[in-house]
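Asker: Once you've had a glance at the structure underneath, I'll fire off some questions.
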Ligand code: GRF
């Protein structure tokens, strides 16, 4: 039987997207195995969530390394130890550098809470509310060297709940938890095979 694709989830925050992907991989909706959760913020809630599972959790703080390249090389060593083929960014608040991009070409995916190219960067939901748009949404895209740039794989529009950032965020997160697993599943199916 073909081995399942191996995914690493990178996260810096609450980890609700990690939890959704983890559930999907257990139920078989996502035909892949999450073999690693990597965080640059060891105190973040995603670590608590991940510790409830059997998945390896690694906290690596970039400030412990002299350069971004040294940090990413340490990350790469761990990815290789686990045979990681795909990286899913799920609230990982850091730009991916050349070292990881070169090692995982077209194999790093991000989810962002807006209809890119609108509202890239931090606080996309707050930006949408501040601009008074009526419709925002969720984007899943391949990662390149830019901030939330990279080829778009999937988008779903979500209406803004007027003046209510909290309710808008809830609606966005609910969509994220569906669209991320579906997009990853499609991507893995159409780009099967072991990463070399
Ligand atoms: C999500 O809104 C995701 O789109 C963005 O960061 C947030 C992470 O949320 N990149 P969580 O930590 O998965 O709950």
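The values are calculated or read from the model by the stated rules, or taken from the named source; none is laboratory data. Everything numeric in this text was worked out from a predicted model, so none of it was measured. Here Cβ is always computed from backbone atoms with ideal geometry, including for glycine, and neighbour counts include all displayed protein chains.
Asker: Among residues belonging to the stretch 41-54 that are more than 13 Å from the ligand (Cβ to nearest atom) and part of a loop (DSSP other than H, G, I, E, B), point out the one that is surrounded by the most Cβ atoms within 10 Å (Cβ to Cβ). Before you say what the answer is, go through the steps one by one.
Answerer: Within the stretch 41-54, the subset more than 13 Å from the ligand (Cβ to nearest atom) is 42-43, 51-54.
From what's left, part of a loop (DSSP other than H, G, I, E, B): 42-43, 52-54.
Details: 42: 12, 43: 9, 52: 9, 53: 16, 54: 8.
Top of the filtered list is 53.
Asker: Between a residue in the stretch 105-129 that is free of Cβ contacts under 8 Å to residues at least 40 places away in the same chain and closer than 11 Å to residue 169 by Cα and any residue that is within 12 Å of the ligand (Cβ to nearest atom) and in a strand (DSSP E or B), which pairs come within a Cβ distance under 8 Å, given they are 6 or more apart or on different chains?
Answerer: Once the first residue is free of Cβ contacts under 8 Å to residues at least 40 places away in the same chain and closer than 11 Å to residue 169 by Cα and sits in the stretch 105-129, its partners that are within 12 Å of the ligand (Cβ to nearest atom) and in a strand (DSSP E or B) give 114/136; 114/137; 114/138; 114/139; 124/112; 124/136.
Asker: Need pairs with beta-carbon distance below 7 Å; first residue at negative phi and within the stretch 10-25, second near the ligand (Cβ under 10 Å from one of its atoms) and modelled with pLDDT under 95; sequence gap 6+ or separate chains.
Answerer: Between residues of the stretch 10-25 that are at negative phi and residues that are near the ligand (Cβ under 10 Å from one of its atoms) and modelled with pLDDT under 95, the close pairs are 12/93.
Asker: Among the residues of the stretch 163-178, are any closer than 13 Å to residue 110 by Cβ and in contact with a strand residue (DSSP E or B) (Cβ under 8 Å, 6 or more places away or on another chain)?
Answerer: Looking for residues that are closer than 13 Å to residue 110 by Cβ and in contact with a strand residue (DSSP E or B) (Cβ under 8 Å, 6 or more places away or on another chain), one finds at least one in the stretch 163-178, hence yes.
Asker: Another one. Hey, among 84, 57, which residue is without any contact (Cβ under 8 Å) to a residue 40 or more places away in the chain and either within 16 Å of the ligand (Cβ to nearest atom) or buried (at least 16 other Cβ atoms within 10 Å of the Cβ) (or both)? Reasoning before the result, please.
Answerer: Working: 84 fails: without any contact (Cβ under 8 Å) to a residue 40 or more places away in the chain.
Every option except 57 fails the conditions.
Results for (1) away from the ligand (no atom under 13 Å from the Cβ); (2) under 18 Å from residue 11 (Cβ atoms); (3) not in a strand (DSSP E or B), shown as yes or no for each residue.
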{"position": "101", "(1), (2), (3)": "yes, no, yes"}
{"position": "111", "(1), (2), (3)": "no, yes, no"}
{"position": "122", "(1), (2), (3)": "no, yes, yes"}
{"position": "130", "(1), (2), (3)": "yes, no, yes"}
{"position": "144", "(1), (2), (3)": "yes, no, yes"}
{"position": "155", "(1), (2), (3)": "no, no, no"}
{"position": "161", "(1), (2), (3)": "yes, no, yes"}
{"position": "167", "(1), (2), (3)": "yes, no, yes"}
{"position": "172", "(1), (2), (3)": "no, yes, yes"}
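Asker: Would you mind telling me which numbered condition in (1) farther than 25 Å from residue 27 by Cα; (2) free of Cβ contacts under 8 Å to residues at least 24 places away in the same chain residue 156 fails?
Answerer: (1)
Asker: Same structure, new question: Report yes if some residue within the stretch 36-49 is touching a residue at least 40 places away in the same chain (Cβ under 8 Å) and under 25 Å from residue 190 (Cα atoms); otherwise report no.
Answerer: Within the stretch 36-49, one or more residues are touching a residue at least 40 places away in the same chain (Cβ under 8 Å) and under 25 Å from residue 190 (Cα atoms).
Asker: What number of residues within the stretch 3-32 satisfy the criterion of being buried (at least 17 other Cβ atoms within 10 Å of the Cβ) and either in contact with a strand residue (DSSP E or B) (Cβ under 9 Å, 6 or more places away or on another chain) or under 19 Å from residue 83 (Cα atoms) (or both)?
Answerer: Residues of the stretch 3-32 buried (at least 17 other Cβ atoms within 10 Å of the Cβ): 5-12, 15-22, 24-25, 30, 32.
Remaining after also requiring either in contact with a strand residue (DSSP E or B) (Cβ under 9 Å, 6 or more places away or on another chain) or under 19 Å from residue 83 (Cα atoms) (or both): 5-12, 15, 17-18, 21-22, 24-25, 30, 32.
The qualifying residues number 17.
Asker: Can you tell me which condition residue 193 does not meet? The list is (1) farther than 15 Å from residue 20 by Cα; (2) more than 14 Å from the ligand (Cβ to nearest atom); (3) modelled with pLDDT of 95 or more, and all the others hold.
Answerer: Residue 193 satisfies every listed condition except (3).
Asker: I'm told residue 70 meets every condition in (1) farther than 18 Å from residue 93 by Cβ; (2) within 15 Å of the ligand (Cβ to nearest atom); (3) surrounded by fewer than 21 Cβ atoms within 10 Å (Cβ to Cβ) except one. Can you identify the failing condition by its number?
Answerer: Residue 70 satisfies all of (1) farther than 18 Å from residue 93 by Cβ; (2) within 15 Å of the ligand (Cβ to nearest atom); (3) surrounded by fewer than 21 Cβ atoms within 10 Å (Cβ to Cβ) except (2).
Asker: In the stretch 1-39, which residues are within 13 Å of the ligand (Cβ to nearest atom) and part of a loop (DSSP other than H, G, I, E, B)?
Answerer: Of all residues in the stretch 1-39, those within 13 Å of the ligand (Cβ to nearest atom) come to 9-23, 37, 39.
Those that are within 13 Å of the ligand (Cβ to nearest atom) and part of a loop (DSSP other than H, G, I, E, B): 11, 12, 13, 14, 15.
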